[in-house]
Structure formats: C-alpha cells, structure tokens
Amino acid sequence: MKRHSPAEAVPATDSDSGVLQCAQFRQLLDNSSVITAVKDLDGRYIHVNRPFVELLGGTAADYLGKSDSDLFPGFLSRQLQANDAEVLSLGAGKTFEEEFVLDARQRTFSTRKFPLFGTDGQVAGVCLMATDVTAQRRTEFALERIALSVSSATGPEVFDLIVANLADALGVQFAFIARIVEREPETLRALSAWYNGDFVEPPCYTSAGTPCADALAEGFTFISDVLGQTHPSDAMLAEFKFTSYAGFPLTGPGGESVGVLSVCHCGALPDASLVEHLLRIFSVRASAELQRAETESALRASEASYRTMFESAEDPILVHDMHTGAIVDMNRKACETFGYTRDEMLQISCGHLSSGIPPYTSEAAAALLRKAAEGEPQRVEWQMRNRDGSVHWDEVTLNRVTLSGVDRILAVTRDVTDRRQREADLRRSERRLRATIEASLDAIIVMDTTGRVLGVNPAAVDCFGWQPDEINGQMLAELIIPERYREDYRKALEQHLRTGNSELFGRRSEIRALRRDGSEFPVELAVAVAPGRDGNIFVGYLRDISERQASERRRIQLEAQLRQAQKMEAIGHLAGGIAHDFNNVLTGALGYLGLARAALAEPEAGGKDPDRLDRYLVQATESASRAADLVRQLLTFSRGGMGNPEPLDLARVVRNGATLLHSTIPSSVEIDYQLEESVPRVFLDPVQAEQVLLNLCINARDAMDGRGRILIGLASRTVEGHSCDACHEAVEGEFVELSIRDSGAGIAEDLRDRVFEPFFSTKPTGRGSGMGLAIVHGIVHEHGGHIDLVIEPGRGTTFNILLPVHQATAAEPAAVPPPDLAAAGQLRGRVLVVDDQASVGRFMVDQLETFGLEAMHCPSPAEALGMLDGPELPADLVIVDYTMPEMNGLEFIEGLRKRQPRLPALLYSGYLEQVPEDTLARLDLPPPLEKPINTVELFRALRRLLPN
C-alpha cells in the first residue's frame, strides 16, 4: 500500500500500531468543533468526538465498535465504505460530498477523509472530518443571468432582465423597478414590471401610504404575510391581494434614493436574509444602469457596482483572457468553491478545474473557451475537480463580454449534482408513466398547442382506427372531429391560447367523434394542459360511451314505463271509488231535479211552498259541483310532468284531496285528520302534492290489508341533528311536516334502506309496481324536502314528509270579491256560441240571455265561419268550445281572424291542459274559461270583451 506523505499523515507516536495511542491526537479530535471520527481497517468506529454524537444522537458508546452498515441504510453505508476504500487505496486524503437524511431532512456534508499510519509506518485506519454544507448548497443558486445582463445588456433591457430573473429566483408573482419622477418626489414611475410570468405595463403611482415609501426612506423593507394590515390604503396591493412585500432602494451617485426594486407575492416570501441579499445585488445593477444612462460618472459607478455584485455573487464567476484562456479574475465564491487562493487561481489554467476524466479534459475545456472567444456562447454540464481532488458536476456558461473596455470570457458555474440526480429520477418516472399510458383502456391523444397530434396510445388506435404513423403530425380536428363541429373546436382552442380559459379544457364533456371509416360515435372527452419539453402540450382523454348512452336510454325508457304503470295502478285504485262517488252524486242531482220537476208539475204545490223548490235546485247544484270537483281532481292527478311549483297551502291540499282519498280508500279503513292551524306555506307543485298524499295513503292502505286506521297530520316542525331516511343527508331548519301514519304491522327494520328504491315492493306479484314510494322520494327531494321514516313494530309506520317553509318575497294580492250580478246591471250585445254539444249550447244561450244579451247557438264551426263571412255581422262576440270534431276552437279562431280580425272571441274547454299557451299568446286571446262554466267568471269576461 502507498505510504502517506508526512505532510498529510497523522501517525501515532506510541510503539503500539494503534492509531489513537497519541494522547495529543486524541485531545485534538475531542476538542475539534468539526465532526470527527476514526475507523479501523475493518471499518469499525474506534473514536467519535462530541459534534459527531450531537449530530446523530445517543452517546459515543452507541457507535464505537460498529461499522457504517450497522448504522446507516444499505446504499449509504456502501457509499461511505467505498469512499473509505478509495482513500486507503490512494494512500492520501480526499474530500467527498456525502448526503444523509437526518430528522426527515436531506443534509449535505463536505467530508475530508485521510489515512492514519501507525508507528510501524503501515496504514492503521481512516480519519474523517465533516462540515455541514447544506445551507451553503441551498443558497448556491445561480446569478448567471444577472451576470450576463451586467456584461452584455444596456438600456431598458437591463431592467427587464432584472425583474424577470429576480421573480424567477425568488419564486414571486410580481417584481418591478421604479424610479422617482423628477420634480415629483412622491411619484414613482415603473421602468419594468413582471407579473405571473410575463411583462406588464409599468405602472405610475404615488408612493405615499405604500411600502415603497418605507423602502425609499429606511432601506431594505421586508413584510411577510401581513401586508394588508401594515399598508391598508395601498389600492394596488389590495387589488391583486398581495400579502408580502420586499423592497430595496435604488441609489444615485451621492447615495440618495432615486428609486426602488420591489417584489410582491400572494403568500410568504423566502428567508429575509436571502431576499435582502438578492435585492441588494439586483438593486446595485439597476442603480448602476440608471446612473450610466444619465452621466459618464454613472458609468464608472456602474463598473464599481458590478464589482460589488461580482464579489457578492453566490456562484463562482471566472474571467478568462480571450486569447490565452488564462484566468485573469475571479470572485470570492470561486476561490471558496475550488479551494484555491486568489494568487493560486491566477497561476492555474482551466484544465486544473476539470476532472481530467474524458471527455472533461484540459484540451476539451480549451476548445470551449475558443468557441466562446469567437462569439459563440457555450452552456455545458462539466465534471469539475477541486483543489482537494473532490469531483462534482457543474453547469458552466461561457460568454464573450466587454469588461472595462476589454474583451473577456465570462465563466459562471453552478453545482448541479443534485439536479442531475433529480433528472435521472424524473426519467425513471417518465418511463413508468409511459407504461401506464400504454396500458390505459381510455384513448389518450397528446397534441401541441396548434392541435397537431404528437402521440397516441394503443387504446386510441383501437378506438379510432388510425395507426400512430398515420395520425402523428396531423391536425386532430381533421381526423377525429366531425366536420360540422370543427369550427367550434378551433374557436375553443384559440380562446384557450388567448385567455387561458375555454369550455373545452378542465372539464368532462360529451361530444361526437369520428372513426377512420367515417362512422360517428359518442365519446366522453377531457382535455388537460401539461408542461412539455418545448412548452405546454394538450393531453386529451377520450372514452367511447356508445354502450353507456344506450344503457342510459334503455334505463330512462324503462323507468318512464314503470312510472306510467304505477300511475295507471293508482288510477286503477281510483276507478272503483270514483264510480261509486259519481253514482252517489248523480243520485242526488237527478233525485232533486226530479222532485223539482214534480213540484213544477203541481203549481199549487210549488206556489204554496217556493222555498221547497229552491232547496231542491240548490241541492241539485251542489251535487253537480261535487261531480265537477271529482273530475277536476282526476284530471289534475293524470297530468304528471315536472310540475309548476308555487306557494302552496298544504292544509287546503289535504282538505281538497279528502274526496279523492275517500273514493280510493275502502270504508273499512278509517281516515282521521290532525291538521295544525295556520301552518306556513311551502313551494310545491299542487298536482305533485296531491300525488304524494295519494301514494302514501295507498301505501298505508296496503300495509293494513285494507282494514285499520290512517292518521293524516300537518304541523310546523323545527329539525336539528337529524338525517333523511331517503337520501341520508343532514337535515336542519324550519319545515312543514305532512305525516301519514297507518296502524299496520310496521316495516321490517332490515327493509328500511330499501323502501325508496325504484321497483322494490313487498307486495305479491301483480299487486304493485314498486314505484309509489320512489316517486314520493323524487318529488319531495326535487322540492328540497326530506323524509323521516318512523317504524313501530306491531303498531304501524309513519312517513313524515318535511318540506322547507316558503319565504314569501312579496305580499300576495288580495282576492277580488265576486260581483253582485243582480246589482251589476244588464249587458248589451249579440253573442254567437259555437259548440258541437247541443245541450251545452242551449245552456249557454239561456245563461247569456239572463245577462241581457242576444244569443244564438251554432253546433258546426264551419257553418259558424260561413255566418261570419260577410260585412253584416250577426254577433259582437264569439264564444267557442276548444274540442270539436270538425276543427278545434283555436283553428276556428284562426279562421275567424282571417275574416273578421277585430271581432273578439272567448274560448272555453273541459280540459285546459290541452290548450297550447303559445297559440293563445299568438292569437292575443284572453285566458280561456274552464268547464263547468263559473257564472261570475263568465260575466267578468263578457264585460271586458263586449264593446258596450
């Protein structure tokens, strides 16, 4: 083994060959502030000093007698052992950079290792001395760009480079340089401004009340995260929501403040000392440029400031002779990094700083310097060697510049060893990502910002039929987007490039796509923006949803069919009860009309008791009104649809629905009501409210097998800390509670979560569709409500429907009292009634004549149009039925408008839902009347329409 020179070895003085027999040497190690340890030839620690133990924790006994493989992870211990072996092999000392993870943080140490010799002259161990250089490495970010701006840029370009590089170095959103406007000491005009990655229009503003005023007056100003509190009157800071600020004054020849270099950020700034250091350096250059632009003395001041910045740079900077390549100047950092004194640096060549391992040789370094001297800037990653022999990777830039009127080559180096490792990790990650993309079942297409295809995965090939060599390089829109959509696609792409926003990006959408064979199919598309090597790229994720859409259509169709089946089932329940009620109603109406006719046939009887005849007619009228109510409720229930919500009195719905319920529920089931007075209104469609009530009561009837008691309740309720039994969401607030309680056996607890499922039913086959409670669930939640299900085994089940209280926005209009027809006076005019039903037509004529009108009836709409097809009109107003065999009422009125455009018309119908509202509006018709005709409404309509 090579013997170590006396200048580098530290031999033991004892006759024993042990390396620690020298007491003075042990004392030196123990009192050293440098992390120090000694290992024997087997790699076991035989001595560690206090800084070593403080760094790793524990006591010295925890390390003595142990090797690196006992103390550190495998990859780290192997590296440490390799470094020891290299030193022992060289027989000389060497400095290594060794990295550890301590307290979950990456730490870097500059470790000097050298062999120790025993008294017999043989190598007996290895000594290491380590210094923590983590902070130094972290702060060694490059000032290369600012150095280039100093040496090559002049004029406004200098300020642009400063703000752009400063924002990039500190990772802030806003950086700007501003100077004081001459003769306006409180006004600052920005010379350059950089915001969110681009230059913006430099602002002009008043410094009073801004942090810039503090920087001008007091020097470096640093405010982190409390900017809104310290300077609440600064409008620009408030507008952009900046929370942090740092500023450094720009100075003139006399040291006076002439401007400010500032940064702002929405968030905390880096360490204050680091920010101050960078602002100080950049401000020196900015100040120098201001002075150079004004006078020649400013130019000399700029050169002096350059030197200050040059020496303050955290990266090594070397200045080479353009012709010989010799080092003629360097900054302090260069001497510290490479381990040479300034005088030594002036004596060595660039080859001494190269590792010497091909291709990083002296000859190759000289060739790079020659290219730079010819005006060709060089940027390379170079393997460097320090004075102590340690090797590291640096990014080196070489540029030809003019310094103090002399052409030189400026070299700036930056340690990129860590970055190279990260890049290697990134390449491995990219390979894994590529494998994931290739295996994806979704089609993935990568495009540049013009929409040109850069790559596709196998799923895209299978989906669209294009091979990679056929589609790569082609415009995506021309291949897979149907022609009718291509213009919209191009506009969306242009909008995103212009504004950064587009409906095409950052969301999932369903579009039509085109296969190679020309067939179209639906796809789900999502487009994301990702960084690429040459700028942003677009990544499109597409999924063929043909089968999914077909399944969804089948599902919707099936649900619609089953909903209709459930409604038909409900209507079936109504049929028997409605028939029974109609027979009862008709019995009363026909019976009382028969009594009235008998009374009229005996004048002396009627004359003797006129009140009895009036009572018969009143009873007949009430029976007919009940029949009309039954028909109206049945038609209302059959409408369906999404409904038209309105402020609704649920108590009235329950009372009006009583007749329908008693027609549906057998007499063996007792129905009781417990309705609270003056409950608030809810916002609900009346038809759907009746459907909820009917469905729940039918469900209660079936739960009791047609015998028992149903209790319908209505009350106000405040709910806290509850959850909905249908959607399981939290329920809190003020509600109106509609409750339906039966006296059946109660729902089994294990079925609680299934009762609202569509098509789920515990009834025997053929006795229910399973959609009743599902429809209740849909209607209630569509209107913002919830369902509270209370099960009492053996005693019954209660469905509590919770509907939000409607907050009225304006007072409801007061009801208009019906007019007193007798006191209203007689109407005058002629009215033509067009209705194919003779009995209805005769009634209308009789009714109109009681109003004092001349009336005639025509059963044929075609004949009626013929009567009105001339200059002499037989009527001042036409009343027409909507449903007639030859033509409907609106078609009749359209024909009437062609003949007599000024003749008013009034429409009535037994089923207003069939009358299209858009046609009513187009023909400018008044609201139609509903059969059976309400006398008061008819009178009001005639009074409005008749000219006299």
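Structure values in brief
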| read-out | value |
| --- | --- |
| For the range 154-238: rounded, prolate or oblate by the Cα gyration tensor [a/c cutoff 1.5] | oblate |
| With all protein chains modelled, accessible area of Lys931 [1.4 Å, Å²] | 50 |
| Debye intensity ratio in log₁₀ form over the Cα atoms of the range 20-136, taken at each q of 0.10 Å⁻¹ | -0.28 |
| Cut-off 13 Å between beta-carbons: net charge of the residues surrounding Ala838, Lys and Arg +1, Asp and Glu -1 | -3 |
| Cβ crowding within 10 Å averaged over residues, with 322-332, 474-484, 195-205, 242-252 ranked highest first | 242-252, 322-332, 474-484, 195-205 |
| Calculated on alpha-carbon atoms, Rg and Dmax of the range 640-804 in Å | 14.9, 43 |
| Per DSSP, loop trypsin sites (Lys or Arg not before Pro) in the range 172-257 with at most 12 further Cβ within 10 Å | Arg183, Lys241 |
| Mean Cβ neighbour count within 10 Å, used as a protection proxy, ranking 719-725, 801-807 highest first | 801-807, 719-725 |
| ³J(HN,Hα) computed for each position of the range 48-53 - Karplus, 6.51 cos²θ - 1.76 cosθ + 1.60, integer Hz, glycine/proline x | 9, 9, 4, x, 4, 5 |
| Once the Cα gyration tensor of the range 313-421 is diagonalised, semi-axes √(5λ) in Å | 20, 16, 13 |
| Mean Cβ neighbour count within 10 Å, used as a protection proxy, ranking 845-851, 409-415, 873-879 highest first | 409-415, 873-879, 845-851 |
| When each of Lys241/Lys491; Lys241/Lys333; Lys333/Lys371; Lys113/Lys333 is checked by Cα-Cα distance, pairs over 30 Å | Lys241/Lys491; Lys241/Lys333 |
| Anisotropy class of the range 153-298 from Cα gyration tensor, a/c 1.5 cut | prolate |
| Within the accessible area of the range 640-804 (1.4 Å probe), percent carbon and sulfur | 47 |
| For q = 0.20 Å⁻¹, Debye-computed log10 I/I(0) when each Cα of the range 378-446 counts as one equal scatterer | -0.89 |
| Sites Arg183 and Glu276 - FRET efficiency at Förster radius 30 Å, r taken between beta-carbons, to 0.05 | 0.45 |
| Kirkwood Rh and Cα Rg combined as Rg over Rh, evaluated for the range 830-945 | 0.91 |
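The values are calculated or read from the model by the stated rules, or taken from the named source; none is laboratory data. The structure displayed is predicted, hence computed values, not measured ones. Cβ: placed from backbone, ideal geometry, glycine included. Neighbour counts: every protein chain shown. Remember, those area values only see protein heavy atoms, side chains included, never the ligands or the DNA or RNA. Shrake-Rupley method; radii C 1.70, N 1.55, O 1.52, S 1.80 Å.
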